[in-house]
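All remarks here apply to the structure that follows.
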Amino acid sequence: MLKNILIATDGSRHSEEAAKVGIELAKLSNGQVTVLYVVETGSYIPMPFEGITPRPYAKEEAVALRNILLENGEEATKHVEELARDSGVPYERMAVEGHPASEILKIAEESKKDIIVMGSIGKTGLEKFLLGSVAEKVVRNSKVPVLIIPPGRPSKMSTPRDVMSIL
């Protein structure tokens, strides 16, 4: 049964819809959710270039950007927390730093989650070709079942048949 559900969110509208599905799964199985937001560390670490001395204030800029990204994670997880609370589903929330796919996989395995729920929207075009999407990396490498919610999927499930339609 799906008692321990990890919901990975990036704060987007689509990940909110995926979170609603995860919360409904938890509600129907009397489970609980962990809401996870991962701050991509590569997005704020200044990269030194050969022969170029970093500006003296580059570190302060990186710290400021890191704090903004952590605040975004706090807001994203807080919003999903409210959805879980309103549904009567036990929850915990986490915002961590690292590479999103790696952190999602690590937390799912270490905390013995029954399933990972996340949206399918991610990088597109050249970014996806070069980096791959987070959802794709999670699906390819997870030892835990992964439920990817495509765009436009109804988020409200009220019967076991509704749940089975997405599993």
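Derivation of every value follows stated rules applied to the coordinates shown; laboratory data play no part. Every value quoted in this text rests on a predicted model; they were computed, and no experiment measured them. Please note: Cβ atoms are built from the backbone with ideal geometry, for glycine as well, and neighbour counts cover all protein chains shown.
Run the dipole for the stretch 62-109 about the Cα centre, Lys and Arg Cβ at +1, Asp and Glu Cβ at -1, nothing else charged, and hand back the magnitude in debye, nearest 20.
Values: 5 positive and 10 negative charges, 17 e Å.
For the stretch 62-109, the charge dipole is close to 80 debye.
Can you list residues whose amide H is under 5 Å from GLU97's amide H, if they're 5+ apart or on another chain and H is modeled 1.01 Å from N?
VAL39
Hey, can you grab everything whose amide H is under 5 Å from the amide H of VAL117? Only 5+ residues off in sequence or another chain; H modelled, so Pro and N-termini drop out.
Residues meeting the criterion, in which the H sits 1.01 Å from N, are LEU6, ILE7, ALA8, LEU147.
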